[in-house]
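S.K.: Just passing along the structure, written as structure tokens.
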Amino acid sequence: MSSMDRRSFLGAGLAAGFAAGWSALDAKAEDAQAEAPKAKAWEPYTDKKIRVGLVGYGYCKFSAQFSFQHHPNVEIAAVSDLFPDRCAELAKAVKCEKTYPSLEELVKDDTIDAVFCATDAPSHAKHAILCLEHGKHVCHAVPVFYGDPEDGDRLFETVKKNPGLKYAMFETSTFHADLYAMEKIYKAGGFGRIIYSEGEYDHTKEPGQPAYPSYKDWRKNGTPLWYPTHATAYYVGVTHKSFVDVSAQGIMPFTPNPTPNGSGNVFIGEAAFLHTSEGGLSRMMCCNAYGQYLEAGRVRGEIGGFDATYCPVEEGYVGNGDGKRIVAALRDSLARPALPPGVEPGGHGGSHGQLCADFVDAILKDQEPRVGICDALNMTVPGYYAHLSATRDGETLKIPQYTL
């Protein structure tokens, strides 16, 4: 079983796992031997349906992979892709009759409440802005932008100007079983301040293998840390804090005289060291060399730490007595929420269905989505400055801060 398959299996719910290992957290805690935590069954809370438009059906076919078409409070109102054959395929996959030739046309449909943009990474910010300016709630795949931080700044200002609309970035790591538990533990004080954290996005590619297909070849014309959020989520998604500066190094190809890509990049991997806003240090990296496939991370704090990369999730926490007691008291809230009937956990560690349900809840319950604009930018922007640092032999650069 591959690392990600194993993580997906473990991530199907914390309920099955905590029973075996919970007493190791604190054998003296009064409730250490109680029943393992289980997510409460999903309960309907409204009959209202939101009308969602799905946009983009390229290589990953993500617009149909997050279960919007199966959510009981969603009606797929329309779909769109720039390529007619893909648009027809998407319409068939989600059983929707109305299609549009572009997002620009779809957003003019006043019957649509929200849009999921599974489009090319360089267009995410531009497309989200377009949706918001047409009065639509919007969510999109990662990252916020790809190479142009001004795109992120423009989106930030647009979100601020539209407080009644929900914006979300679908960073899958935030609904991994381990990160979801880590966020709850951090909020309750089970780590104290985080002294050190790590995140990795390791996606093996055969030497000489071309980049995966992408619209206008965006995938082969970027840099490793322009796509950082699967890694940086393991600090930002845990704490909802930010990185304040970065020093990074790039890994050169072992072949002589490598040819720069369309962005001028030659690095095949990049690693960044970042100081955090609470005074800790993080290492975040993206690479495609051989080894375990990883969208993973870990934290080490003042009174506890968590690492479930190579062990079951329920064994991930290690802490002192105070930390163990805090975590033991949290046990009923560490499992990811139950999903509505028909909504599957899906890929990326069982996060797809969770992100869909979270976005729907944000709209219908008027609450903040799991990854709002500040977290989205605080996960994405450091990667841009990390790559810039790597081109300057590790020069330490300040990172812009985003707060509402």
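The values are calculated or read from the model by the stated rules, or taken from the named source; none is laboratory data. Small disclaimer: the values here were computed from a predicted structure and weren't measured. Quick reminder, even Gly has a Cβ in these numbers, built from the backbone with ideal geometry, and neighbours come from all protein chains shown. In case anyone asks, the SASA skips ligands and DNA or RNA and just uses the protein heavy atoms, side chains included. Shrake-Rupley method; radii C 1.70, N 1.55, O 1.52, S 1.80 Å.
S.K.: Identify all residues within segment 360-374 that are within 16 Å of the chain's Cα centre (by Cα) and open to solvent by 50 Å² or more (accessible area, probe 1.4 Å); write none if there are none.
M.R.: Passing the criteria: only GLU368.
S.K.: Considering only residues that are outside any loop (DSSP other than H, G, I, E, B) and in contact (Cβ under 8 Å) with a residue 40 or more places away in the chain, which ones fall in segment 88-99?
M.R.: VAL94
S.K.: Answer yes or no: is there a residue in segment 304-321 that is within 17 Å of THR174 (Cα to Cα), in a loop (DSSP other than H, G, I, E, B) and open to solvent by 30 Å² or more (accessible area, probe 1.4 Å).
M.R.: Among the residues of segment 304-321, not one is within 17 Å of THR174 (Cα to Cα), in a loop (DSSP other than H, G, I, E, B) and open to solvent by 30 Å² or more (accessible area, probe 1.4 Å), which makes the answer no.
S.K.: Of the numbered conditions (1) crowded, with 22+ Cβ neighbours inside 10 Å; (2) within 23 Å of GLY192 (Cβ to Cβ); (3) of a type in the set (Gly, Ala, Ser), SER277 satisfies every one except a single condition; which is it?
M.R.: Going through the list (1) crowded, with 22+ Cβ neighbours inside 10 Å; (2) within 23 Å of GLY192 (Cβ to Cβ); (3) of a type in the set (Gly, Ala, Ser), SER277 breaks only (1).
S.K.: I'd like to know if segment 342-354 contains one or more residues that are surrounded by 24 or more Cβ atoms within 10 Å (Cβ to Cβ), touching a residue at least 12 places away in the same chain (Cβ under 8 Å), of a type in the set (Ser, Thr, Tyr) and assigned to a loop (DSSP other than H, G, I, E, B).
M.R.: yes
S.K.: I would also like to ask the following. Is it true that TYR201 is modelled with pLDDT under 95 and touching a helix residue (DSSP H, G or I) at 6+ places or on another chain (Cβ under 9 Å)?
M.R.: no
S.K.: In this structure, is VAL144 within 23 Å of the chain's Cα centre (by Cα) and either acidic (Asp, Glu) or in a strand (DSSP E or B) (or both)?
M.R.: Here the answer is no, as VAL144 does not meet what is asked.
S.K.: Quick test of your reading of the structure: TRP226 fulfils all but one of (1) out of contact with any Gly (no Cβ under 6 Å at 6 or more places or on another chain); (2) open to solvent by 10 Å² or more (accessible area, probe 1.4 Å); (3) under 19 Å from GLY152 (Cβ atoms). Name the failing condition by number.
M.R.: All conditions are met except number (1).
S.K.: Okay, moving on. So if I check each of VAL52, VAL79, VAL115, which one is assigned to a strand (DSSP E or B), hydrophobic (A, V, I, L, M, F, W, C) and in contact with a Phe, Trp or Tyr (Cβ under 7 Å, 6 or more places away or on another chain)?
M.R.: That would be VAL52, the only listed residue that is assigned to a strand (DSSP E or B), hydrophobic (A, V, I, L, M, F, W, C) and in contact with a Phe, Trp or Tyr (Cβ under 7 Å, 6 or more places away or on another chain).
S.K.: Among the numbered criteria (1) within 30 Å of CYS60 (Cα to Cα); (2) touching a residue at least 12 places away in the same chain (Cβ under 8 Å), which one does ARG325 miss?
M.R.: (1) is the only condition that ARG325 fails.
S.K.: Looking at the structure I just gave you, is VAL318 modelled with pLDDT of 95 or more and farther than 30 Å from ASP245 by Cα?
M.R.: no
S.K.: For segment 205-223, what are the residues that are surrounded by fewer than 17 Cβ atoms within 10 Å (Cβ to Cβ) and among the basic types (Lys, Arg)?
M.R.: LYS205, LYS216, LYS220
S.K.: Could you check segment 321-352 and list, in sequence order, the residues that are among the polar types (S, T, N, Q) and at pLDDT below 95?
M.R.: Across segment 321-352, the qualifying residue is only SER333.
S.K.: Now for a different question. Checking the structure you have, find out if any residue of segment 244-251 is within 17 Å of ARG298 (Cβ to Cβ) and assigned to a strand (DSSP E or B). Reasoning before the result, please.
M.R.: First, the residues of segment 244-251 that are within 17 Å of ARG298 (Cβ to Cβ): none.
Taking every residue of segment 244-251 in turn, none turns out to be within 17 Å of ARG298 (Cβ to Cβ) and assigned to a strand (DSSP E or B).
S.K.: Now for a separate question. Restricting attention to segment 196-204, does a residue exist that is surrounded by fewer than 17 Cβ atoms within 10 Å (Cβ to Cβ) and more than 19 Å from the chain's Cα centre (by Cα)?
M.R.: Within segment 196-204 (the criterion being surrounded by fewer than 17 Cβ atoms within 10 Å (Cβ to Cβ) and more than 19 Å from the chain's Cα centre (by Cα)), the answer is yes, since at least one residue qualifies.
S.K.: Given the conditions (1) within 24 Å of ILE195 (Cα to Cα); (2) touching a residue at least 40 places away in the same chain (Cβ under 8 Å), and given that VAL318 satisfies all but one, which numbered condition is not satisfied?
M.R.: Result: VAL318 passes all but (2).
S.K.: Could you look through segment 159-192, keep only residues that are of a type in the set (Gly, Ala, Ser) and in a helix (DSSP H, G or I), and pick out the one that is surrounded by the fewest Cβ atoms within 10 Å (Cβ to Cβ)?
M.R.: Selected residue: ALA188.
S.K.: Condition (residue is within 17 Å of ASN73 (Cβ to Cβ) and in a helix (DSSP H, G or I)) applied to segment 376-387: is it met by at least one residue?
M.R.: Scanning segment 376-387, I find no residue that is within 17 Å of ASN73 (Cβ to Cβ) and in a helix (DSSP H, G or I), so the answer is no.
S.K.: While we're here: Filter segment 375-404 down to the residues that are of a type in the set (A, V, I, L, M, F, W, C), over 12 Å from the mean Cα position of the chain (by Cα) and closer than 22 Å to PRO224 by Cα and list them by number.
M.R.: Hits for segment 375-404 are VAL381, ALA386, LEU388, ALA390, LEU397, ILE399.
S.K.: Sort through PHE306, PHE273 and tell me the only one that's over 15 Å from LEU388 (Cα atoms), among the aromatic types (Phe, Trp, Tyr) and modelled with pLDDT of 95 or more.
M.R.: PHE306
S.K.: Something else: Which members of segment 92-129 meet the condition of being open to solvent by 60 Å² or more (accessible area, probe 1.4 Å) and closer than 11 Å to VAL79 by Cα?
M.R.: Residues satisfying the conditions are LYS92, LYS95, GLU97, LYS98, THR99, PRO101, GLU105.
S.K.: Kindly provide the set of residues from segment 125-141 that are in contact (Cβ under 8 Å) with a residue 40 or more places away in the chain and either of a type in the set (S, T, N, Q) or not in a loop (DSSP other than H, G, I, E, B) (or both), ordered by number.
M.R.: In the first step, residues of segment 125-141 are kept if they are in contact (Cβ under 8 Å) with a residue 40 or more places away in the chain; the result is 127, 136-137, 139, 141.
Across segment 125-141, the qualifying residues are HIS127, HIS137, CYS139.
S.K.: Go through (1) in contact with a Gly (Cβ under 7 Å, 6 or more places away or on another chain); (2) at pLDDT 95 or above; (3) open to solvent by less than 40 Å² (accessible area, probe 1.4 Å) one by one and return the number of the condition GLN249 breaks.
M.R.: Here GLN249 clears every test but (3).
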